[in-house]
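Worksheet: the structure to be examined is printed underneath.
The values are calculated or read from the model by the stated rules, or taken from the named source; none is laboratory data. These numbers come from a predicted model, not from an experiment. Note that we place each Cβ from the backbone using ideal geometry, even for glycine, and neighbour counts take in every protein chain shown. Ligands, DNA and RNA are stripped out before the accessible areas are found, and what is left, the full protein with its side chains, is counted by its heavy atoms. Shrake-Rupley method; radii C 1.70, N 1.55, O 1.52, S 1.80 Å.
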Amino acid sequence: MKNRFIRAAILMAGIAALALTGCDTGSGGGGGQSSNADLASLSVSAGTLSPAFSAATTAYTVDVGSKVNFITVNAAVADTEAAYQILNATDTPIANPNSIGLIQGDNIIKVKVTAEDGTIKTYTITVNKAAPVVNNANLESLTVEGYTLVPAFSPVVDTYTVNVPNAVSSVLLTSATEETDATTYISGDPRNLSVVGSTGNEIIVEVTAIDGTTTKEYTITIIRAEPVANNANLANLTVDGVQVPGFSPTTYTGYSVNVSNSQTSVLIWADPQESAATKEITAGNPNALAVGANTITVTVTNGSGSQAYTITVNRAAVSNNANLSSLFTNYGLSPTFHANTTAYTLTVPNGVSTINVFAAAADTKAAITRPDNPNALSVGANTIPVTVTAEDGTTVKTYTITVTREAKSDNANLSTLALSAGTLSPTFAPGTTSYTATVPYSVSTVNVLAFTEDGNAWWDQTPDNYPVSLNVGSNPITVKVTAENGTAIKTYTINVTRTAASSNANLTSLSISPGTLNETFNADTTSYTATVPYSSITVNKTAVAGATAVIYSGTPNELADGENTIVVRVTAENGTATKDYTITVTKTVTSSPAVTVLITKADEKIDLTKNTANDLSRERGDMLSISVPAGYDYYIWYLDGQSPTTRTSNTPYSISASSINSNGTHSVLVEFYKTSDGIRYGSEVTFRVVR
């Protein structure tokens, strides 16, 4: 089979065992697609990212004020073949990512980047929109268009003056509150500046906060100058609505404005300082601009005074700029782009069959001609021209990119070859094609792990089983590598020898706990003895690799007084050879303690150490009391063989006969324990209950 990316799940155990980083499994090979899902930049139109952007950091916060209702997220991918989407908190694409609506509180915005190979990386921005301050009656801005507030505006300053020429009888006053839902009311009329002189025209802007009770007043006194006889100066001079750069009422020449070649006219507006003054264009024609410098004169007349202001409007010539400002492809470019360098080259692998070319002109009015993307690539050299025609229509410059697409590779080498069990001999080298390996009988299957030097080559395995089943003896496995060109082939052979099952039925260790064997263990010694005072022991046994060891006979957890024979049987790996190890454990006998059982009604005592079976007639309500002798850590008593109760001291314990469900003969078994030596002693008494 020619699959390059299979068997990963099947071979995970083998790969983990060998820790072969980057090994492919099954038919080897690789792609050429990028896994780069990083962003190169990330920013927002309001507020500041915290922390500062880093491609490795994916979580950010942004704090914005209560008046920010929309925000734009600007992102750029690090790899031109990657793409990104802007999503909301539920991973749904945002309909208008250039104007994302904000609500009060946290707003989750995600930038999901998908790399060329499908790798995904998500950047998350939490935009915290502040709640409005309901008692905030501040202004955010206050302006008188075309004139200057004294002092400069500040939300905490509430008194201002503005000086305007005598000719100005109306101004445009604008203001904005710090809170969206606060309101303003203007007292006085900035459109009717009737008072001339230092008294001024008082305008009051009253702000009412959202709470409806908090208010604040801003006072602006607009002082309209007294008329000056024969004053022929201008207050303002604009071209197309923009004040002429560097304008001053007492500077009459040296003004210059630049316009594009496509603009053939301008609008000149002049405001005299005096209402009695007149103005007119006395030289030049702003409605018919020639290419180059156009001198226009505005003459102001007031009584006997006259003043001429001269403006030079420069209309640009048609551009002959045929340079590019940028040129790149999705696979790079050599050398690095420069506007004066017109020849570029790059080499791409055979697997790249198309390329995209991107170009931008230095002059936006220049035209670019190039083949449409994507550009198909043949094996060998491919020339892609990018032609720039300047605005003048005659100046032409051609940039050339020569893309060399490599032929298909004839590399049929492996870079890695290994087995999930066993070690190759000799050590793997790409030029060595014959190997051997030996595995124990316990290894019945093996996986081949291989990776090709060329990611576009592939390999096939014989036998085509995953894992490969191993017979006892020789098992040849071949790995055939086919190069990208489909004709170059190289075959690697591994001869795996699985050893026969062992007939060794030895133990490697044997012991008991608690206690110690009298004889030192030796695998060839099969008979052992031990003497213990315990009722229960554990036999610890370890067989040679592949063999199993079990307790074949005897009960080490229930030792009787005297000799106890325990047989450990070992079965070899081949399943037929066996070997018995015998341990004779002698349990020493210790007399039981003197225990007294007292029936309270008749004050009769029963000595449990004599194991006397007494047939005592007792009515319900009689008490049976058990006393524990000193020197024992605790005891357990059983009523009729059930309901064990543990006592941790030698305090007497009593049971009422009335709790026994039926008449007749009953028994109490008492077992005594010493924690220090693990010895257990037991005695029993019987009695009869009647009504």
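Which residues, taken from the stretch 67-83, are out of contact with any Asp or Glu (no Cβ under 6 Å at 6 or more places or on another chain), at pLDDT 90 or above and open to solvent by 50 Å² or more (accessible area, probe 1.4 Å)?
N69, F70, N74
Every residue in the stretch 20-66 that is in contact with a Pro (Cβ under 8 Å, 6 or more places away or on another chain), at pLDDT below 95 and either surrounded by 14 or more Cβ atoms within 10 Å (Cβ to Cβ) or more than 20 Å from I120 (Cβ to Cβ) (or both), please.
Of the stretch 20-66, the ones in contact with a Pro (Cβ under 8 Å, 6 or more places away or on another chain) are 32, 57, 60, 66.
Restricting the remaining residues to those that are at pLDDT below 95 gives 32, 66.
S66 - this is the single residue of the stretch 20-66 that is in contact with a Pro (Cβ under 8 Å, 6 or more places away or on another chain), at pLDDT below 95 and either surrounded by 14 or more Cβ atoms within 10 Å (Cβ to Cβ) or more than 20 Å from I120 (Cβ to Cβ) (or both).
Please enumerate the residues belonging to the stretch 386-402 that are loosely packed, with under 14 Cβ neighbours inside 10 Å and at pLDDT below 95.
Answer for the stretch 386-402, where residues must be loosely packed, with under 14 Cβ neighbours inside 10 Å and at pLDDT below 95: G393, T394.
Taking the stretch 89-114 as the search range and keeping residues that are touching a Lys or Arg at 6+ places or on another chain (Cβ under 8 Å), assigned to a loop (DSSP other than H, G, I, E, B) and over 25 Å from T180 (Cα atoms), which one is most open to solvent (accessible area, probe 1.4 Å)?
D91
Which is within 30 Å of D79 (Cα to Cα) and either touching a Pro at 6+ places or on another chain (Cβ under 7 Å) or aliphatic (A, V, I, L, M) (or both), of V318, V357?
V357
Any residue at all in the stretch 360-370 that's at pLDDT 95 or above and in a loop (DSSP other than H, G, I, E, B)?
Checked against the condition, which is being at pLDDT 95 or above and in a loop (DSSP other than H, G, I, E, B), the stretch 360-370 yields no hits at all.
Scan the stretch 431-442 for residues that are closer than 15 Å to V481 by Cα, open to solvent by 70 Å² or more (accessible area, probe 1.4 Å) and either at pLDDT below 95 or within 43 Å of the chain's Cα centre (by Cα) (or both) and jot them down.
Of everything in the stretch 431-442, nothing turns out to be closer than 15 Å to V481 by Cα, open to solvent by 70 Å² or more (accessible area, probe 1.4 Å) and either at pLDDT below 95 or within 43 Å of the chain's Cα centre (by Cα) (or both).
If you go through the stretch 234-252 one residue at a time, do you hit one that is surrounded by 15 or more Cβ atoms within 10 Å (Cβ to Cβ) and either free of Cβ contacts under 8 Å to residues at least 24 places away in the same chain or under 52 Å from the mean Cα position of the chain (by Cα) (or both)?
Yes.
So S334 ticks every box in (1) in contact with a Leu (Cβ under 6 Å, 6 or more places away or on another chain); (2) small (G, A, S); (3) surrounded by 15 or more Cβ atoms within 10 Å (Cβ to Cβ) but one. Which box is left unticked?
(3) is the only condition that S334 fails.
From the set of residues in the stretch 369-385 that are open to solvent by 60 Å² or more (accessible area, probe 1.4 Å) and not basic (K, R), which is nearest to T329 (Cα to Cα)?
The selected residue is P374.
Within the stretch 337-355, track down each residue that is in contact (Cβ under 8 Å) with a residue 60 or more places away in the chain and open to solvent by 40 Å² or more (accessible area, probe 1.4 Å).
P349, G351
Yes/no per residue for (1) polar (S, T, N, Q); (2) open to solvent by 40 Å² or more (accessible area, probe 1.4 Å); (3) within 30 Å of T57 (Cα to Cα); (4) modelled with pLDDT of 95 or more:
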position	(1), (2), (3), (4)
E116	no, yes, yes, no
N128	yes, yes, yes, yes
V134	no, yes, no, no
E145	no, yes, no, no
T161	yes, yes, no, yes
V171	no, no, no, no
D181	no, yes, no, no
N192	yes, yes, no, no
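Identify all residues within the stretch 293-318 that are assigned to a strand (DSSP E or B), open to solvent by 40 Å² or more (accessible area, probe 1.4 Å) and touching a residue at least 60 places away in the same chain (Cβ under 8 Å); write none if there are none.
Result: T301, S306, Q307.
Take the residues of the stretch 552-585 that are among the hydrophobic types (A, V, I, L, M, F, W, C), crowded, with 18+ Cβ neighbours inside 10 Å and part of a loop (DSSP other than H, G, I, E, B): which is nearest to the chain's Cα centre (by Cα)?
The first filter runs over the stretch 552-585 and keeps only residues among the hydrophobic types (A, V, I, L, M, F, W, C), leaving 559-560, 566-568, 570, 572, 577, 583, 585.
Then keep just the ones that are crowded, with 18+ Cβ neighbours inside 10 Å; that gives 559, 566, 568, 570, 572, 583, 585.
Right, trim to part of a loop (DSSP other than H, G, I, E, B) and you get 559, 572.
On the way: L559: 62, A572: 53 Å.
This residue is A572.
Can you tell me which residues in the stretch 444-453 are open to solvent by 30 Å² or more (accessible area, probe 1.4 Å), in contact (Cβ under 8 Å) with a residue 40 or more places away in the chain and not aromatic (F, W, Y)?
Here is the first cut: in the stretch 444-453, the residues open to solvent by 30 Å² or more (accessible area, probe 1.4 Å) are 444-445, 451, 453.
Adding the requirement that they be in contact (Cβ under 8 Å) with a residue 40 or more places away in the chain leaves 444, 451, 453.
If the condition is that a residue be open to solvent by 30 Å² or more (accessible area, probe 1.4 Å), in contact (Cβ under 8 Å) with a residue 40 or more places away in the chain and not aromatic (F, W, Y), then S444, E453 are the ones that fit.
Got a sec? Which of D158, D117 is touching a residue at least 12 places away in the same chain (Cβ under 8 Å) and in contact with a strand residue (DSSP E or B) (Cβ under 7 Å, 6 or more places away or on another chain)?
Only one candidate qualifies: D158.
Quick check, is N261 closer than 30 Å to E391 by Cα, outside any strand (DSSP E or B), free of Cβ contacts under 8 Å to residues at least 40 places away in the same chain and not small (G, A, S)? It would help to see each step written out before you state the result.
Numbers: closer than 30 Å to E391 by Cα: yes; outside any strand (DSSP E or B): yes; free of Cβ contacts under 8 Å to residues at least 40 places away in the same chain: no; not small (G, A, S): yes.
Spelling it out, it is not the case that N261 is closer than 30 Å to E391 by Cα, outside any strand (DSSP E or B), free of Cβ contacts under 8 Å to residues at least 40 places away in the same chain and not small (G, A, S).
How do the pairs read when you match residues in the stretch 265-277 that are on the phi < 0 side of the Ramachandran plot and of a type in the set (S, T, Y) with residues anywhere that are assigned to a loop (DSSP other than H, G, I, E, B) and open to solvent by less than 50 Å² (accessible area, probe 1.4 Å), using Cβ under 8 Å and keeping only pairs 6 or more apart or on different chains?
S265/P286; S265/L289; S275/N166; S275/A167
Given the conditions (1) over 30 Å from S442 (Cα atoms); (2) of a type in the set (S, T, Y); (3) at pLDDT 95 or above; (4) surrounded by fewer than 16 Cβ atoms within 10 Å (Cβ to Cβ), report the number of the one that Y528 does not fulfil.
(4)
Just to be sure before I move on: is I86 modelled with pLDDT under 95 and under 30 Å from L449 (Cα atoms) in the structure I sent?
In short, no.
Scan the stretch 531-551 for residues that are surrounded by 13 or more Cβ atoms within 10 Å (Cβ to Cβ) and in a loop (DSSP other than H, G, I, E, B) and jot them down.
Within the stretch 531-551, P533, Y534, S535, S536, I537, V544, G546, A547 qualify.
Going residue by residue through the stretch 127-146, is there one that turns out to be under 30 Å from N236 (Cα atoms) and outside any strand (DSSP E or B)?
yes
Let me confirm something: among N465, N413, N485, N456, which residue is open to solvent by 30 Å² or more (accessible area, probe 1.4 Å), in contact with a strand residue (DSSP E or B) (Cβ under 9 Å, 6 or more places away or on another chain), at pLDDT below 95 and not charged (D, E, K, R)? Let's see the steps before the verdict.
Details: N413 fails: at pLDDT below 95; N485 fails: in contact with a strand residue (DSSP E or B) (Cβ under 9 Å, 6 or more places away or on another chain); N456 fails: in contact with a strand residue (DSSP E or B) (Cβ under 9 Å, 6 or more places away or on another chain).
Criteria check complete, one pass: N465.
Within the stretch 419-430, can one find any residue that is touching a residue at least 40 places away in the same chain (Cβ under 8 Å), in a strand (DSSP E or B) and crowded, with 18+ Cβ neighbours inside 10 Å?
Yes, there is a match, as at least one residue in the stretch 419-430 is touching a residue at least 40 places away in the same chain (Cβ under 8 Å), in a strand (DSSP E or B) and crowded, with 18+ Cβ neighbours inside 10 Å.
Anything in the stretch 516-535 that is without any contact (Cβ under 8 Å) to a residue 40 or more places away in the chain, more than 17 Å from K579 (Cβ to Cβ) and in contact with a strand residue (DSSP E or B) (Cβ under 9 Å, 6 or more places away or on another chain)? List them, or say none.
T516, N518
Which of (1) over 30 Å from E573 (Cα atoms); (2) open to solvent by 30 Å² or more (accessible area, probe 1.4 Å); (3) not in a loop (DSSP other than H, G, I, E, B) does S474 not meet, given it meets every other one?
(1)
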